[in-house]
Amino acid sequence: MVQETIKVVKETEAKAEQIMKDAAQQAEALIEKAKEDAKLLKEDTRKAAVAKAASDMEAAKTEASAGEQSALKNVEQEIQKLRNQASQKEAQAIELVVDSLF
């Protein structure tokens with residue numbers, strides 16, 4: 001009976017030892033998986049940030065271009081307005097000169 005008890009205790013200790021080894025291996029595997037998942041998440045986050053930055057940059061370029069076109073149009077309109085005014089003043093000046101001559 002004592003031998004059976006000793007045998008059962010040794011078997012239980014062996015099983016417990018195996019369970020501990022298995023648990024340690026599973027823990028290590030889980031840690032490695034978590035590290036790999038974190039690495040992939042970090043890379044995905046970096047890629048998303050790069051894509052967002054590129055998209056934002058393109059939007060800013062488009063907006064700047066539109067603003068530039070609008071400003072250019074306003075400048076061209078102002079130039080045309082000044083030309084028209086200059087032309088009117090020129091006509092008035094010619095008329096004044098002609099009137100003063102006669």
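Quick note: the coordinates plus some simple rules give every number you see, no bench work behind them. Predicted, not measured: the structure shown is a model, and the values here were computed from it. FYI the Cβ positions are ideal-geometry reconstructions off the backbone, even for glycines, and counts take in every protein chain you see.
Taking a straight line from the alpha carbon of Lys10, these lysines sit under 30 Å away, with near neighbours fewer than eight places off in the same chain left out: Lys21.
Once Cα Rg over 2.2 N^0.38 Å is calculated for the structure shown, the corresponding label among (i) 3.40; (ii) 1.03; (iii) 1.25 turns out to be (i).
Annotation: lysines with alpha-carbon distance below 26 angstrom to Lys39 (same-chain offsets under eight excluded): Lys47, Lys52. Comparing Gln25, Gln69, Gln92 in a Gaussian network model of the chain where C-alpha atoms under 10 Å apart are linked, the largest mean-square fluctuation is found at Gln92. Secondary-structure-derived ellipticity at 222 nm for the chain, considering helices only, amounts to -37500 deg cm²/dmol, per-run term -39500 (n - 2.57) for DSSP H runs with n ≥ 4.
Among Thr62, Thr45, Thr12, the largest mean-square fluctuation in a Gaussian network model of the chain (Cα springs under 10 Å) belongs to Thr12.
Cross-link reach is defined here as a Cα-Cα straight distance under 18 Å, omitting same-chain residues fewer than 8 places apart; for Lys81 the aspartates and glutamates meeting it are Glu90. The simple spin-label model puts a point 7 Å past each Cα toward its Cβ; for Leu40 and Val75 those points are separated by 5.3 nm.
How much length is gained on full extension from Ile31 to Glu63, taking 0.36 nm per residue of separation minus their Cα-Cα distance?
6.8 nm
Using the alpha-carbon atoms, what tilt in degrees (0 to 90, nearest 10) does helix 2-101 show relative to the longest principal axis of the chain? So the helix axis and the longest Cα principal axis differ by about 0 degrees.
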